[in-house]
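The values are calculated or read from the model by the stated rules, or taken from the named source; none is laboratory data. Treat the numbers as computed from the prediction; the structure is a model and nothing was measured. Please note: Cβ atoms are built from the backbone with ideal geometry, for glycine as well, and neighbour counts cover all protein chains shown.
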Amino acid sequence: MRLMKKNLKILLLAVFVAVASCSFTSREFNDPDKDKLLVDLITYVLDKGHYDPKEMDNVFSAGVYKDFINTMDPLKRYFLASDLEDFSVYETEIDDQIRNKDLSFFTLVYERYLQRQEESKKIYRSILSEPFDYSQDEVIDVDYDKIPYARNKKELKERWRKQLKFSAISNLYDLVDEKETTEKNKAEALSKGEDFVESENAKLSMKEMEAKSRETSLTSLDEYYEFVEDLERKDYFAQFLNVVVEEFDPHTNYFAPPDRDRFDLRMSGKLEGIGARLQKKNDYINVVEVISGGPVWRGEHLEVGDAILKVKQEEEDEPVSIVGMRVDDAVKLIKGPKGTKVTLTVKRVDGSIEEETITRDVVELEETYAKSTLIQKEDKSYGLINLPAFYFDMKDYGERNAASDVKQEIESLKKEGMDGLVLDLRGNGGGSLKTAVDIAGLFIKEGPVVQVATGGNRKEVLKDEDESVAWDGPLVILVNELSASASEILAAAMQDYKRGIIIGSEQSYGKGTVQNMVDLNQWLRKNDMGDMGALKLTTQKFYRVNGGSTQLEGVKSDVVMPDRYSYIEIGERDYDNPLPYDKISPAKFDAWDGYIDYEGTISRSKERMAKSAQLNLIDENAKWIKKSRDENIVDLNFDKYLAEIKRRKQETKRFDAIGDYDNKLNYRSLPSEVALMKQDTTLREKRKRWHKNLAGDIYVEEAVNVLQDLKLNNIRRGKVAEIKN
């Protein structure tokens with residue numbers, strides 16, 4: 001164990017020792033221009049420290065060129081085709097400019113952007129001063145990647161008109177829907193002899209609602225422009241630097257000083273906000289992770305794949321549209337102090353649009369920890385451990401970590417007569433590498449768990465060297481498309497050893513890389529220009545013990561069960577510039593031979609899944625979601641717009657049965673937790689909600705079926721016991 005800890009420390013520090021030794025002996029960074037100094041620093045650290053440094057050539061230049069312009073103007077409503085002609089002279093020159101600390105390309109795009117943005121103020125105010133004709137048959141294509149830049153200002157104004165009409169028609173629909181709902185509720189109240197008070201919006205005529213819908217769009221844009229006017233050149237330059245570093249891989253990022261501070265807060269679990277990680281795709285701000293224990297998680301407000309359309313602060317009357325907004329700007333609107341409320345207009349995964357009011361708070365650390373329950377089926381008891389993250393105490397690993405907590409849960413479940421164990425890693429985005437290795441060691445006697453490669457073909461095999469086994473019985477691991485990094489390491493090891501059966505999505509997330517935060521200030525002997533920020537740098541790559549990488553490929557489930565994300569691009573492969581999948585030589589290990597008919601168990605599970613009406617319905621829903629998300633042409637005729645929404649609502653009704661499913665299993669908390677619940681009513685409510693969700697979970701049901709089907713080779717276990725039926 002001491003050797004493993006030593007090797008791990010060496011692995012994490014080697015690259016920084018190498019870079020630091022070079023930087024302080026053979027290189028000085030003393031350019032008086034802070035922007036140029038940042039370029040020099042970052043490119044040097046990338047070259048010396050990145051796992052697979054990319055060659056800065058014409059291809060690299062073209063990538064930066066395209067991505068930075070798209071970052072500045074994703075909806076193509078600022079730049080003209082003539083602007084792109086001016087920019088194009090730099091398309092293959094940016095690599096040379098970076099080497100020479102020449103900022104001509106950035107400066108040209110930035111200054112032209114400010115000019116076009118100022119011109120656009122007159123455009124949107126002029127358009128929104130006149131009513132829209134919603135009887136006209138016209139559509140808008142919201143796949144902005146495919147549409148060309150406007151050829152002239154007349155064409156640009158027409159593009160703005162359609163985009164503003166698209167914004168306003170959504171506001172109009174909300175008002176019409178509110179009026180219709182109010183009239184229905186009023187009729188019901190009057191029929192019961194009850195008093196009813198109408199909202200002001202419900203009293204508006206169609207003409208007044210049309211005017212209000214434009215007023216809402218106008219207010220939203222005015223507030224957005226007021227917001228961006230506070231941004232400085234350094235904010236846009238940080239965006240440019242991020243585009244440059246993300247050409248290396250999607251997880252290498254530049255953190256300007258304020259962003260670095262927010263990242264540090266998040267890592268410490270003290271970040272105040274809604275508890276969701278956001279990413280921009282095309283013009284939408286999408287939820288890519290719901291943080292366990294956060295307000296969104298606790299209130300089940302959002303899920304991965306939802307798009308946030310508008311943000312409304314509690315003290316304001318009108319929401320601000322964030323469609324087309326930079327993700328950093330959107331985050332600033334959504335975040336806020338603990339206790340304050342924010343209302344989000346959300347486009348769900350299935351295309352429906354709803355409002356969610358969320359009270360901002362800090363992440364509840366207790367909800368990020370492992371928790372367990374006993375599942376009763378007939379005369380058998382099965383344990384389920386939910387692990388939201390591979391956590392550890394950064395100051396003292398031995399104080400508390402995911403591995404020690406999982407071991408404790410296993411011991412508690414064993415005392416209750418557990419016949420099999422389900423380890424639920426769905427939605428687990430990873431965390432500590434060491435905890436993944438230690439948890440794997442709870443299920444195998446000893447052996448390699450993961451191989452870690454560092455730049456220069458250095459390879460380290462991290463092993464479980466503790467011969468004790470916490471659980472030698474049947475094991476099933478649940479994963480989905482959001483199980484990433486350390487989750488994939490653990491699941492892959494159990495699959496390679498044939499120690500457990502993996503059930504879930506076709507493949508997990510596919511993140512097989514590790515990053516470290518590098519403080520850029522450490523390379524400066526003398527710095528009178530202030531904080532330079534930090535670089536989150538990809539320094540290593542994970543490999544399974546069989547030699548395959550989890551990068552892009554993820555972990556393929558032994559038994560594939562569809563879910564609503566089955567046909568949506570979610571995971572590492574959905575990013576730009578991911579590192580490739582590859583293989584290295586396998587480590588030496590002996591597969592676990594503790595099961596009888598391991599392959600037969602998998603085969604029978606697949607047969608059950610093929611016959612499941614519930615899974616067929618889930619698969620149909622997933623296909624419908626994919627089809628709906630791919631529809632980029634939107635009607636701007638109100639009657640057709642309304643008819644399309646009603647059609648979608650009607651279509652989704654046939655999927656209501658998914659939420660009504662009951663797996664007929666019984667769940668109960670462990671005695672130690674039951675004792676806590678007597679004093680902690682909040683904990684009691686949380687577990688009640690969790691058990692209710694598990695009762696409708698077909699994936700847990702099949703995990704129990706597989707555990708029931710797995711027969712143990714009791715000779716291998718070193719016990720004399722009756723084979724469990």
_Sole residue being in a helix (DSSP H, G or I), under 17 Å from Q239 (Cα atoms) and not assigned by TED's automatic domain parsing to the domain that holds D235, chosen from V39, V45_ = V39
*asked:* Kindly evaluate K649 against the criterion of being in contact (Cβ under 8 Å) with a residue 40 or more places away in the chain and over 17 Å from I385 (Cβ atoms).
replied: yes
*How many of the residues in region 286-308 are under 10 Å from V346 (Cβ atoms), buried (at least 20 other Cβ atoms within 10 Å of the Cβ) and either in contact with a helix residue (DSSP H, G or I) (Cβ under 9 Å, 6 or more places away or on another chain) or not aliphatic (A, V, I, L, M) (or both)?*
5
*Find the residue count for region 658-690, including only residues that are in contact with a helix residue (DSSP H, G or I) (Cβ under 7 Å, 6 or more places away or on another chain), closer than 15 Å to M418 by Cβ and among the polar types (S, T, N, Q).*
2
*Among the residues of region 392-405, is there at least one that is under 19 Å from the mean Cα position of the chain (by Cα) and either modelled with pLDDT under 90 or assigned to a strand (DSSP E or B) (or both)?*
no
_Please verify whether V311 is farther than 30 Å from Q650 by Cβ and either modelled with pLDDT of 80 or more or more than 15 Å from the chain's Cα centre (by Cα) (or both), treating the condition exactly as stated._
no
*Kindly provide the set of residues from region 511-542 that are of a type outside the set (S, T, N, Q) and without any contact (Cβ under 8 Å) to a residue 12 or more places away in the chain, ordered by number.*
D528
*Find the residue count for region 184-201, including only residues that are among the charged types (D, E, K, R), in a helix (DSSP H, G or I) and more than 40 Å from the chain's Cα centre (by Cα).*
2
*asked:* Just checking, does region 527-547 include any residue being acidic (D, E), at pLDDT 95 or above and part of a loop (DSSP other than H, G, I, E, B)?
replied: no
_Candidates L421, L374, L425 - the one that is assigned by TED's automatic domain parsing to the domain that holds H691, within 17 Å of E673 (Cα to Cα) and touching a Leu at 6+ places or on another chain (Cβ under 8 Å)_ = L374
*If A643 passes every condition in (1) part of a strand (DSSP E or B); (2) free of Cβ contacts under 8 Å to residues at least 24 places away in the same chain but one, which one does it miss?*
(1)
*Hey, G431 touching a helix residue (DSSP H, G or I) at 6+ places or on another chain (Cβ under 6 Å) and either assigned by TED's automatic domain parsing to the domain that holds K588 or at pLDDT 95 or above (or both) or not*: yes
